[in-house]
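Structure record follows, encoded as structure tokens.
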Amino acid sequence: MRRPPKRKRRLSNTDKVRAISFGPLLDYLGYQIRQAQAAVFRDLMASISDLGVTPGEYGLLTLLDENPGISQIDLAAVYKLDKSTLSLAVARLLKRGLVQRTRGHDDKRYYALWLLAPGRTVLR
């Protein structure tokens, strides 16, 4: 009878990790900015973890709250997303009933986005 393969043990936060040298890496501003960004992102994740949205979705909901009726095209531009990526994110928010999408009156290619009450509840 064959034994199952042994699983490699992962280090936990309580395991000692040997000191490593960062060499000149700590002298690079880009590295330090990336470390700061990672710390801020971890803080954001902890702050919104109980809301049931991702940081990206939280950002979209905030922009919709501040800019009712904004077009998907304008939202993609200010949020620095391509249209297809934004469409997927909006579809998730629509499915969960957090936002509403309506066609433009003058231009039927235009979609306006509106934050619904459940979306506002997430932000409060």
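From the list T102, T85, exactly one residue is among the hydroxyl-bearing types (S, T, Y) and either under 12 Å from the mean Cα position of the chain (by Cα) or in a helix (DSSP H, G or I) (or both). Which is it?
Being among the hydroxyl-bearing types (S, T, Y) and either under 12 Å from the mean Cα position of the chain (by Cα) or in a helix (DSSP H, G or I) (or both) holds for just one of T102, T85, which is T85.
Quick one: in region 88-99, of everything that is assigned to a loop (DSSP other than H, G, I, E, B) and out of contact with any strand residue (DSSP E or B) (no Cβ under 9 Å at 6 or more places or on another chain), which residue is surrounded by the most Cβ atoms within 10 Å (Cβ to Cβ)?
If we take residues in region 88-99 being assigned to a loop (DSSP other than H, G, I, E, B) and out of contact with any strand residue (DSSP E or B) (no Cβ under 9 Å at 6 or more places or on another chain), then R96 is surrounded by the most Cβ atoms within 10 Å (Cβ to Cβ).
Just wondering, is there one or more residues in region 50-72 that are part of a helix (DSSP H, G or I), more than 18 Å from P118 (Cα to Cα) and out of contact with any Cys (no Cβ under 8 Å at 6 or more places or on another chain)?
There is at least one residue in region 50-72 that is part of a helix (DSSP H, G or I), more than 18 Å from P118 (Cα to Cα) and out of contact with any Cys (no Cβ under 8 Å at 6 or more places or on another chain).
Determine if region 82-93 includes at least one residue that is free of Cβ contacts under 8 Å to residues at least 40 places away in the same chain, under 23 Å from S47 (Cα atoms) and out of contact with any helix residue (DSSP H, G or I) (no Cβ under 8 Å at 6 or more places or on another chain).
No, that holds for no residue.
Restrict the check to region 25-47 and report whether at least one residue is in contact with a helix residue (DSSP H, G or I) (Cβ under 6 Å, 6 or more places away or on another chain), within 30 Å of A117 (Cα to Cα) and assigned to a helix (DSSP H, G or I).
yes
Give the residues of region 35-49 that are of a type outside the set (S, T, N, Q) and either assigned by TED's automatic domain parsing to the domain that holds V99 or surrounded by 11 or more Cβ atoms within 10 Å (Cβ to Cβ) (or both), sorted by residue number.
Answer for region 35-49, where residues must be of a type outside the set (S, T, N, Q) and either assigned by TED's automatic domain parsing to the domain that holds V99 or surrounded by 11 or more Cβ atoms within 10 Å (Cβ to Cβ) (or both): F41, L44, M45, I48.
The values are calculated or read from the model by the stated rules, or taken from the named source; none is laboratory data. Computed from a prediction, not measured in an experiment: that's the story for all the values here. All Cβ positions, glycine included, derive from the backbone under ideal geometry; neighbour counts span all protein chains shown.
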